[in-house]
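Chemist: Have a look at this one before I ask anything.
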Amino acid sequence: MPMYQPELGVGGGGQVLDVETAVKDGILGGGGFICEGGTAEKLDLKEMVEELENIEVPSVFICPISLEPMRDPVTLCTGQTYERSNIMKWFSLGHITCPTTMQELWDDSITPNNTLHQLIHSWFSQKYLAMKKRSEDVQGRALELLDALKKVKGQARVRALKELRHVVALNSSTKNTVEDNGGLALISSLLGPFTSHAVGSEAIGILVNLDLDAESRRNLVQPAKISLMVDMLNEGSTDTKINCTRLIQTLLDGDDCGADTVSGLSLVVGLLRLIKEKQHPNGVLAGLRLLKALCSQEQVKNSIVSIGAIPQLVEILPNFSPESLELALHVLDSVSSLSDGRVALKDCPKTIPNLVKLLMRVSESCTQLALSILWAVCKLAPEECASQAVEAGLAAKLLLVIQSGCNPVLKQRSAELLKLCSLNYTATLFISKCKLTRTIQ
């Protein structure tokens, strides 16, 4: 929040801001802060400040010490105003100056600024009551839309869902209204084998923002509904693809849906398409998170290999964010447990160079996963892969891991891989590639 800096008078003393004049002149956004009928006095200022934490507050209401709205403003002899608790803490530290002007105080008394306190209370009351009214209006509209969804069809249903999705996203309290009034069951019932993608897209866009109960989860894991989500994951807009992925992930995280329920070639293909859309990082992260969860299924790992996804994932590894990178490495590490997966990794020319670059570069977890994949590949064809790995700088990286403070398991794996490379590479050239000859000796 911005700090209010009053103009300094002659001699460096701070001028007292006439807040009543400021309100009348529009400095604080105009008059009308005092609620009629004394309503403002019945509202707790602390609660209102907390509820309105994201609202822009006039700078004159901000304590120059904490940069937070004042609840008990007091004024010093210099004319500067502070939150009482903040200025008292300042004094308790042994200071005898004004924090803003740094003038030495000739009078250590503090005076409650009742006028400013009333203005702060009235301003927050007005904003708080307006917010509550908007919230009540939105909740009422949500109930109307739920009632309309029971009756309308076609484009009218799409429009009602679109508006409901908007009001749910607009106000967090509306989520509770929808959940408490049968909205979960109603919206879930709209998904099925004959649901249009227009209806499905809006319905899923609502469901991903609600807290699904056990009944809704059981309803949504029906094969026909899962099939609809997978279809939209492959054919919908990017926003729809992300929402479908998030919803399937939510169902997978529950106790009512196992990975085998949602695993399938079409789902894997849809996720890989989403992951490759580099301009949508949220989609990449959601897609990789779900793909990692599904890799517990042998069927999914075989699908990843069979559709040629390994070279595609390896190729785009350098483009991933750290969080996405770790998920992608988990996926590749999972498929390296398959013989066909190891062959696919070995045959991809980018596998070894890209993985070597990741060692000791992102995180210990990423280093461990990259080493696990490199070990699986190099052990498959030691003579062929050792040469590529050392040329890519693996030896020096492994020595760096061994000398670091990594966990002992990681160091042991590095030593084993280093030994494997040295046994399958010309000794003299191997040492020169290490660039750490003295360490090796």
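Chemist: Any idea which residue in the range 328-342 is nearest to residue 362 (Cα to Cα), counting only those that are part of a helix (DSSP H, G or I) and either open to solvent by 20 Å² or more (accessible area, probe 1.4 Å) or among the acidic types (Asp, Glu) (or both)?
Modeler: Going through the range 328-342, the residues part of a helix (DSSP H, G or I) turn out to be 328-335, 339-342.
When the remaining residues are screened for being either open to solvent by 20 Å² or more (accessible area, probe 1.4 Å) or among the acidic types (Asp, Glu) (or both), the result is 330, 333-334, 339-340, 342.
Numbers: 330: 14, 333: 17, 334: 20, 339: 28, 340: 28, 342: 24 Å.
Only one residue fits best here, namely 330.
Chemist: Provide a single number: the residues in the range 77-119 that are closer than 18 Å to residue 59 by Cα and either basic (Lys, Arg) or in a loop (DSSP other than H, G, I, E, B) (or both). Before you say what the answer is, go through the steps one by one.
Modeler: Here is the first cut: in the range 77-119, the residues closer than 18 Å to residue 59 by Cα are 79-84, 86-87, 99-101, 113-119.
Now drop any that are not either basic (Lys, Arg) or in a loop (DSSP other than H, G, I, E, B) (or both), which leaves 79-80, 84, 99-101, 113.
The total comes to 7.
Chemist: While we're here: Select the helices (runs of 4 or more DSSP H) contained entirely in the range 375-426, then report the ones holding at least 2 residues which are more than 26 Å from residue 340 (Cα to Cα).
Modeler: 394-403, 408-423
Chemist: Same structure, new question: Determine which member of the set 279, 299 is assigned to a helix (DSSP H, G or I), of a type outside the set (Asp, Glu) and surrounded by fewer than 19 Cβ atoms within 10 Å (Cβ to Cβ). Give the derivation first.
Modeler: Values: 279 fails: assigned to a helix (DSSP H, G or I).
Among 279, 299, only 299 is assigned to a helix (DSSP H, G or I), of a type outside the set (Asp, Glu) and surrounded by fewer than 19 Cβ atoms within 10 Å (Cβ to Cβ).
Chemist: Moving to a separate point now. When you go through (1) open to solvent by less than 20 Å² (accessible area, probe 1.4 Å); (2) at pLDDT below 90 one by one for residue 258, which number turns out not to apply?
Modeler: Here residue 258 meets the rest and fails (1).
Chemist: Then there is this: Looking at the range 55-64 only, could you name the residues that are among the aliphatic types (A, V, I, L, M) and in contact with a Pro (Cβ under 6 Å, 6 or more places away or on another chain)?
Modeler: Let us first name the residues in the range 55-64 that are among the aliphatic types (A, V, I, L, M), namely 55, 57, 60, 62.
Of everything in the range 55-64, just one residue is among the aliphatic types (A, V, I, L, M) and in contact with a Pro (Cβ under 6 Å, 6 or more places away or on another chain), namely 57.
Chemist: Give the residues of the range 403-416 that are within 16 Å of residue 375 (Cα to Cα) and buried (at least 16 other Cβ atoms within 10 Å of the Cβ), sorted by residue number.
Modeler: Initially, the range 403-416 is screened for residues within 16 Å of residue 375 (Cα to Cα), giving 409-416.
Across the range 403-416, the qualifying residues are 410, 411, 413, 414.
Chemist: Going by what's in this entry, would residue 107 be described as open to solvent by 50 Å² or more (accessible area, probe 1.4 Å), of a type in the set (D, E, K, R) and at pLDDT 85 or above?
Modeler: Numbers: open to solvent by 50 Å² or more (accessible area, probe 1.4 Å): yes; of a type in the set (D, E, K, R): yes; at pLDDT 85 or above: yes.
Answer is yes for this residue.
Chemist: Do you know which residues across the range 369-397 are surrounded by 22 or more Cβ atoms within 10 Å (Cβ to Cβ) and at pLDDT 85 or above? Walk me through how you get there before you give the answer.
Modeler: The initial filter retains those residues of the range 369-397 that are surrounded by 22 or more Cβ atoms within 10 Å (Cβ to Cβ), namely 369-371, 373-374, 377-378, 385-386, 389-390, 394-395, 397.
Selection gives 369, 370, 371, 373, 374, 377, 378.
Chemist: Something else about it: Residue 165: in contact with an Asp or Glu (Cβ under 7 Å, 6 or more places away or on another chain), charged (D, E, K, R) and in a helix (DSSP H, G or I), yes or no?
Modeler: On the way: in contact with an Asp or Glu (Cβ under 7 Å, 6 or more places away or on another chain): yes; charged (D, E, K, R): yes; in a helix (DSSP H, G or I): yes.
For residue 165, the condition - in contact with an Asp or Glu (Cβ under 7 Å, 6 or more places away or on another chain), charged (D, E, K, R) and in a helix (DSSP H, G or I) - is met.
Chemist: Is it fair to say residue 46 is out of contact with any helix residue (DSSP H, G or I) (no Cβ under 7 Å at 6 or more places or on another chain), farther than 26 Å from residue 133 by Cβ and basic (Lys, Arg)?
Modeler: Working: out of contact with any helix residue (DSSP H, G or I) (no Cβ under 7 Å at 6 or more places or on another chain): yes; farther than 26 Å from residue 133 by Cβ: no; basic (Lys, Arg): yes.
Against the criterion (out of contact with any helix residue (DSSP H, G or I) (no Cβ under 7 Å at 6 or more places or on another chain), farther than 26 Å from residue 133 by Cβ and basic (Lys, Arg)), residue 46 does not qualify.
Chemist: Any idea which of (1) assigned to a helix (DSSP H, G or I); (2) at pLDDT 90 or above; (3) out of contact with any Pro (no Cβ under 7 Å at 6 or more places or on another chain); (4) within 20 Å of residue 242 (Cα to Cα) is the one residue 185 doesn't satisfy?
Modeler: Every condition holds for residue 185 apart from (4).
Chemist: What do you reckon, is residue 116 crowded, with 16+ Cβ neighbours inside 10 Å, within 19 Å of residue 216 (Cα to Cα) and modelled with pLDDT of 90 or more? Write out each step before concluding.
Modeler: Working: crowded, with 16+ Cβ neighbours inside 10 Å: yes; within 19 Å of residue 216 (Cα to Cα): no; modelled with pLDDT of 90 or more: yes.
Against the criterion (crowded, with 16+ Cβ neighbours inside 10 Å, within 19 Å of residue 216 (Cα to Cα) and modelled with pLDDT of 90 or more), residue 116 does not qualify.
Chemist: Using beta carbons and a limit of 7 Å, which pairs, at least six apart or on different chains, have the first residue in the range 50-74 and in contact (Cβ under 8 Å) with a residue 40 or more places away in the chain and the second one surrounded by 15 or more Cβ atoms within 10 Å (Cβ to Cβ) and among the basic types (Lys, Arg)?
Modeler: From the range 50-74, the pairs are 52/127; 55/127; 72/84.
Chemist: For the range 50-65, check the following and say yes or no: at least one residue is among the aliphatic types (A, V, I, L, M), at pLDDT 90 or above, open to solvent by 50 Å² or more (accessible area, probe 1.4 Å) and not in a helix (DSSP H, G or I).
Modeler: Yes, some residue in the range 50-65 is among the aliphatic types (A, V, I, L, M), at pLDDT 90 or above, open to solvent by 50 Å² or more (accessible area, probe 1.4 Å) and not in a helix (DSSP H, G or I).
Chemist: If you take the residues in the range 202-228 that are over 14 Å from residue 245 (Cα atoms) and outside any helix (DSSP H, G or I), which one is farthest from the chain's Cα centre (by Cα)?
Modeler: 222
Chemist: Might you check whether a residue that is open to solvent by 20 Å² or more (accessible area, probe 1.4 Å) and within 32 Å of the chain's Cα centre (by Cα) occurs anywhere in the range 67-83?
Modeler: Scanning the range 67-83, I find at least one residue that is open to solvent by 20 Å² or more (accessible area, probe 1.4 Å) and within 32 Å of the chain's Cα centre (by Cα), so the answer is yes.
For (1) part of a helix (DSSP H, G or I); (2) open to solvent by 10 Å² or more (accessible area, probe 1.4 Å); (3) of a type in the set (A, V, I, L, M, F, W, C), each residue gets a yes or a no:
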site: 230; (1), (2), (3): yes, yes, yes
site: 244; (1), (2), (3): yes, no, yes
site: 248; (1), (2), (3): yes, no, yes
site: 303; (1), (2), (3): yes, yes, no
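Chemist: Moving on to the next point. Enumerate the pairs (first residue in the range 141-160 and within 12 Å of residue 183 (Cβ to Cβ); second residue anywhere and open to solvent by 50 Å² or more (accessible area, probe 1.4 Å) and of a type in the set (A, V, I, L, M)) with beta-carbon separation below 8 Å, excluding pairs fewer than 6 apart on the same chain, so at least 6 apart or on different chains.
Modeler: The qualifying pairs do not exist here.
Chemist: Anything in the range 343-368 that is in contact with a Pro (Cβ under 9 Å, 6 or more places away or on another chain), outside any helix (DSSP H, G or I), closer than 13 Å to residue 318 by Cα and modelled with pLDDT under 90? List them, or say none.
Modeler: 362
The values are calculated or read from the model by the stated rules, or taken from the named source; none is laboratory data. Owing to the predicted nature of the structure, the values given are computational and were not obtained by experimental measurement. Reconstructed Cβ throughout: ideal geometry from the backbone, glycine too, with neighbour counts over all protein chains shown. Ligands, DNA and RNA are excluded from the accessible area calculation, which covers all protein heavy atoms including side chains. Shrake-Rupley method; radii C 1.70, N 1.55, O 1.52, S 1.80 Å.
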